[in-house]
Amino acid sequence: MKAKPVIVATLLGLAAGVSAAQADSVSDFYKGKTVFALVGVSAGGEYDFQLRLAARHIGKYIPGHPTVIPQNMTGATGLVMANYLYAVAPQDGTYLGLIQNGLPTSQAVGVDGVKFDAARFQWIGSVAPTTETMVTWKTTGVTTIEEARQKDVIVGAVGSSGITLSFPVMLNDLAGTRFKMVLGYTGSGALDLAMERGEVSGRAGSWSSLKASKPNWVANKDINVLVHSGPKPADLQHVPGAGDFMSNAEDRQVLDIVTMGDTLGHPFATGPGVPAERVAALRKAFADMLNDPDFRKEAAANNLEVDPVSAEALSSAVEQALGASSASKQRARKYFQ
């Protein structure tokens, strides 16, 4: 039985009215408001850069055009901020967080201090997935994983958790490298400075971050890229993947858990209690921002690739990590402190 045209028209009109009312409600809420955009590490480095880049541009696309203020909330390599965003920050859409991409894995493997459920974060989006790398300074004489199996390399890490620690420690265990860890650097900027001063001779870090923050390192060949995980960009085609050095399928499953943050990139989220219509508005604003010519220009000037990861893809990756086998998660746990 076909619906009468007048009924269809009425239903469509009601739906449009509801949609418009929701849009007006979101706009009315944000008008005159301040949105706080949080990052859990200190100034310098790609997380801080991406947060501030988004803060400069996303406000024009959020209904009501609120002021967006970036803030650094440091502690435990982003864990303090993630816990705050999840359980303490107002759940009204006025707080966003750029989540350290290793934190969902930290939850999966049972790291102490995690007070959030990553599956309940309302993910907004990510500028691009990440390619993780292990690099050494030019003076070490270590240019390959094979050489890192034969010689000690002093490697720095941000804080005492996160991918700058877990990636090299995992390589020691599963690929036989001899990285000696120095923990406690406050952020990527401090770690980069330690490399230049000779305090440490290597570090793990995303390839996009290194190109953005230290383009001279890349141009002058000051660093050697030993291995990568995640998507392989065109300029790293000669670099082997971490899985090439894993002896069996079980080891490669552990690798997938440790490096699942590659899929997330640098993901933005808001709290679990934010109303659905405001979450939808924030997701649309983030997607629209990524197509903004000024945003794209600034990103390109800082060697930041834009290859969007949707909220749905972020949620799927998090659920996959949390749903990994207990045996694999238990093995991966030892790479996180």
- line: Of the residues in region 40-96, those that are closer than 20 Å to residue 129 by Cα and β-branched (Val, Ile, Thr) come to 41, 58, 77
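Out of 262, 251, 244, which single residue is under 30 Å from residue 149 (Cα atoms) and free of Cβ contacts under 8 Å to residues at least 40 places away in the same chain?
Working: 262 fails: free of Cβ contacts under 8 Å to residues at least 40 places away in the same chain; 251 fails: free of Cβ contacts under 8 Å to residues at least 40 places away in the same chain.
The match here is 244.
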message: Anything in region 315-333 that is more than 20 Å from residue 171 (Cβ to Cβ), of a type in the set (S, T, N, Q) and more than 19 Å from the chain's Cα centre (by Cα)? List them, or say none.
response: 325, 326
- line: Contact list, first residue from region 280-301 and under 25 Å from residue 92 (Cβ atoms), second anywhere and surrounded by fewer than 15 Cβ atoms within 10 Å (Cβ to Cβ), beta-carbon distance below 7 Å, six or more apart or interchain, is 290/306
task: Restricting attention to region 136-176, report how many residues are among the small types (Gly, Ala, Ser) and in contact with a Gly (Cβ under 6 Å, 6 or more places away or on another chain).
output: 1
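A quick yes/no check of all residues on (1) in contact with a Pro (Cβ under 9 Å, 6 or more places away or on another chain); (2) over 21 Å from residue 268 (Cβ atoms):
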| residue | (1), (2) |
| --- | --- |
| 84 | no, no |
| 116 | yes, no |
| 141 | no, yes |
| 162 | no, no |
| 167 | no, yes |
| 175 | no, yes |
statement: Note on region 236-259: residues within 10 Å of residue 332 (Cβ to Cβ) and of a type in the set (A, V, I, L, M) are 254, 255, 257, 258
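Could you check, for region 67-78, whether at least one of its residues is under 26 Å from residue 209 (Cβ atoms), part of a loop (DSSP other than H, G, I, E, B) and in contact with a Lys or Arg (Cβ under 8 Å, 6 or more places away or on another chain)? Steps first, answer last, please.
As a first pass, look at region 67-78 and keep what is under 26 Å from residue 209 (Cβ atoms): 68-78.
So of that shortlist, the ones also part of a loop (DSSP other than H, G, I, E, B) come out as 73-75.
Right, trim to in contact with a Lys or Arg (Cβ under 8 Å, 6 or more places away or on another chain) and you get none.
Checked region 67-78: no residue is under 26 Å from residue 209 (Cβ atoms), part of a loop (DSSP other than H, G, I, E, B) and in contact with a Lys or Arg (Cβ under 8 Å, 6 or more places away or on another chain).
For the subset of region 195-212 comprising residues that are over 23 Å from residue 258 (Cβ atoms) and of a type in the set (Gly, Ala, Ser), which member is surrounded by the most Cβ atoms within 10 Å (Cβ to Cβ)?
Let us first name the residues in region 195-212 that are over 23 Å from residue 258 (Cβ atoms), namely 196-199, 212.
With of a type in the set (Gly, Ala, Ser) added as a condition, the list becomes 198, 212.
Details: 198: 10, 212: 20.
Result: 212.
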task: Hey, can you tell me all the residues within region 149-202 that are under 23 Å from the mean Cα position of the chain (by Cα) and acidic (Asp, Glu)?
output: 192
message: Any residue in region 61-89 that is farther than 23 Å from residue 285 by Cα sitting within a Cβ distance under 9 Å of a residue that is among the hydrophobic types (A, V, I, L, M, F, W, C) and surrounded by fewer than 17 Cβ atoms within 10 Å (Cβ to Cβ)? List the pairs, counting only those 6 or more apart or interchain.
response: 73/80; 74/80
query: Taking interchain pairs and intrachain pairs at least six residues apart, which have beta carbon atoms under 8 angstrom, with the first residue in region 308-337 and in contact (Cβ under 8 Å) with a residue 24 or more places away in the chain and the second of a type in the set (Lys, Arg) and surrounded by 18 or more Cβ atoms within 10 Å (Cβ to Cβ)?
result: 311/283
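Specify which of the listed residues (191, 165, 174, 226) is closer than 18 Å to residue 39 by Cβ and either outside the structural domain of residue 73 (by TED's automatic domain parsing) or crowded, with 22+ Cβ neighbours inside 10 Å (or both). Break it down stepwise before answering.
On the way: 165 fails: closer than 18 Å to residue 39 by Cβ; 174 fails: closer than 18 Å to residue 39 by Cβ; 226 fails: closer than 18 Å to residue 39 by Cβ.
Among 191, 165, 174, 226, only 191 is closer than 18 Å to residue 39 by Cβ and either outside the structural domain of residue 73 (by TED's automatic domain parsing) or crowded, with 22+ Cβ neighbours inside 10 Å (or both).
The values are calculated or read from the model by the stated rules, or taken from the named source; none is laboratory data. No experiment lies behind these values; they were computed from the predicted model shown. All Cβ positions, even for glycine, are placed from backbone atoms using ideal geometry, and neighbour counts span all protein chains on display.
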